[in-house]
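**Student:** Structure in structure tokens, see below.
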Amino acid sequence: MESFVTAIALGVGLAMDAFAVSLGVGTSNNAPARRSKLRLAFHFGLFQALMTALGWLAGTTIVDWISAFDHWVAFGLLAFVGSRMVYSGLHPDQESFTSDPTRGGLMVVLSLATSMDALAVGLSMAVLGTPVLFPAVVIGVVTFGLSLVGLVFGCKLGEHFGKRMELLGGVILLGIGLRVLWMHLIG
């Protein structure tokens, strides 16, 4: 029971970035269809689970190499997407996403950006000798659920408040990117 509660807590902690990104994508109303929401939430959950497992598999052999730049990658990806959303929110005639954020390269970029922390969690699990399969599955399922909630809630906010919510979503993404960078730099 204790390992289940720990896995849920890890899942919620790791899913917060995916939730915030989902909220932002939802506010831009670029994922109005149920299928689009399910696709993005599924990929966020999948990437969280896979990155946890990948970090565990990598163990301590590459931790120094990855930790040198993972925070910069996450920051860069989130800052890029967030700044596009801010620009779009300030310019009503512009769209933040020229392509569907629930498909293709943009979906992969968002999935990677929100799952970098899961890689570090997997690495720490390997160092502690903790099995990874159960926690990785729980982390993925929790991320899927919270991402879906973020997308639905974001769409409702976007419908009600329009471009102002897209602006707020972009600011949130920029804030998450800065938090990732700050937390790593102060360490």
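**Student:** Restricting attention to the stretch 151-160, does a residue exist that is of a type outside the set (Ser, Thr, Tyr), crowded, with 19+ Cβ neighbours inside 10 Å and modelled with pLDDT under 75?
**Tutor:** The answer is yes, given that some residue of the stretch 151-160 is of a type outside the set (Ser, Thr, Tyr), crowded, with 19+ Cβ neighbours inside 10 Å and modelled with pLDDT under 75.
**Student:** Considering every residue within the stretch 9-19, establish whether at least one is within 22 Å of MET183 (Cβ to Cβ), at pLDDT 70 or above, more than 13 Å from the chain's Cα centre (by Cα) and assigned to a helix (DSSP H, G or I).
**Tutor:** yes
**Student:** Out of ASP117, ASP64, I need the residue that is assigned to a helix (DSSP H, G or I), over 16 Å from the mean Cα position of the chain (by Cα) and either surrounded by 15 or more Cβ atoms within 10 Å (Cβ to Cβ) or at pLDDT below 80 (or both). Which one?
**Tutor:** One residue alone meets the criteria, ASP64.
**Student:** Determine whether THR27 is among the polar types (S, T, N, Q) and either surrounded by fewer than 16 Cβ atoms within 10 Å (Cβ to Cβ) or under 15 Å from the mean Cα position of the chain (by Cα) (or both).
**Tutor:** In short, no.
**Student:** Got a number for residues in the stretch 30-61 being among the small types (Gly, Ala, Ser) and at pLDDT 90 or above?
**Tutor:** Number of matching residues: 4.
**Student:** In addition: Note down all Cβ pairs under 9 Å where the first residue falls in the stretch 165-187 and is outside any helix (DSSP H, G or I), the second is at pLDDT below 80, and they're at least six residues apart or on different chains.
**Tutor:** So the pair list comes out empty.
**Student:** Among the listed residues LEU128, LEU168, LEU112, LEU173, which satisfies the condition of being under 19 Å from GLY55 (Cα atoms) and modelled with pLDDT under 75?
**Tutor:** Just one listed residue meets the conditions, LEU128.
The values are calculated or read from the model by the stated rules, or taken from the named source; none is laboratory data. Since this is a predicted model, take the numbers as computed values, not measurements. Positions of Cβ are backbone-derived with ideal geometry, glycine not excepted, and every protein chain shown enters the neighbour counts.
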